[in-house]
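Report on the structure given below.
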Amino acid sequence: RRVLFRSTWSSNISGSAGSVANALTAGTGLTASATYNGSAAITFNATGTTINSQTGAYVLVAGDAGKTISITTGGVTIPNAVMSAGNIVTIYNNSGSSQTITQGASLTLQWAGQSTSQTGNRTLGLYGMATLVFITSSNAVITGSGLT
């Protein structure tokens, strides 16, 4: 079945056109404002994620926001005050042995979906995947498959 859409656009554009200095990076977003019969915010998001492959003990850095950390040995430490509220990081255990996700000093790492509050280090089972969402720079929630 074929569906046809027809639309008519008209616009009044003033000012000068700018240039884009950087390409949109996977795992990040771009927000723009548009006006059509009023005002609305439009968000454009890149698809996919950037893989940060690590073969030894790793400590998250601010540049890991929006990325997937693929770890084979040594585990991952989540430090305090490195990420910002709203940042998301995924950790993939790319090995046949468990990896420790370590709660850094002064950081609260809350395990999502438990019957009571559980914070602290977590173990990510072989080939498991965990996602961290930072509520504040010192408070993150972790959930995932193979997480204990």
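What follows is calculated from the coordinates using simple rules that are stated; it is not laboratory data. Here the structure is a predicted model, which means the values were calculated and not measured. So basically every Cβ, Gly included, is an ideal-geometry build from the backbone, and we count neighbours across all protein chains shown.
When residues in region 60-104 are screened for being without any contact (Cβ under 8 Å) to a residue 24 or more places away in the chain and either in contact with a Ser or Thr (Cβ under 7 Å, 6 or more places away or on another chain) or β-branched (Val, Ile, Thr) (or both), 3 of them pass. Annotation: ALA105 fulfils all but one of (1) closer than 22 Å to GLY56 by Cβ; (2) assigned to a strand (DSSP E or B); the unmet one is (2).
Each residue in region 123-148 was checked for being aromatic (Phe, Trp, Tyr), free of Cβ contacts under 8 Å to residues at least 40 places away in the same chain and within 13 Å of LEU107 (Cα to Cα), and 0 of them qualify. Scanning region 95-127 for residues that are touching a Phe, Trp or Tyr at 6+ places or on another chain (Cβ under 9 Å), of a type outside the set (Lys, Arg) and crowded, with 19+ Cβ neighbours inside 10 Å returns a single hit, LEU124. If I ask for residues that are within 12 Å of VAL89 (Cα to Cα) and of a type outside the set (A, V, I, L, M, F, W, C), which ones from region 134-148 would you list? Scanning region 134-148 gives THR143, GLY144.
When each of GLY63, GLY86 is tested for being closer than 15 Å to THR131 by Cβ and outside any strand (DSSP E or B), the lone residue that passes is GLY86.
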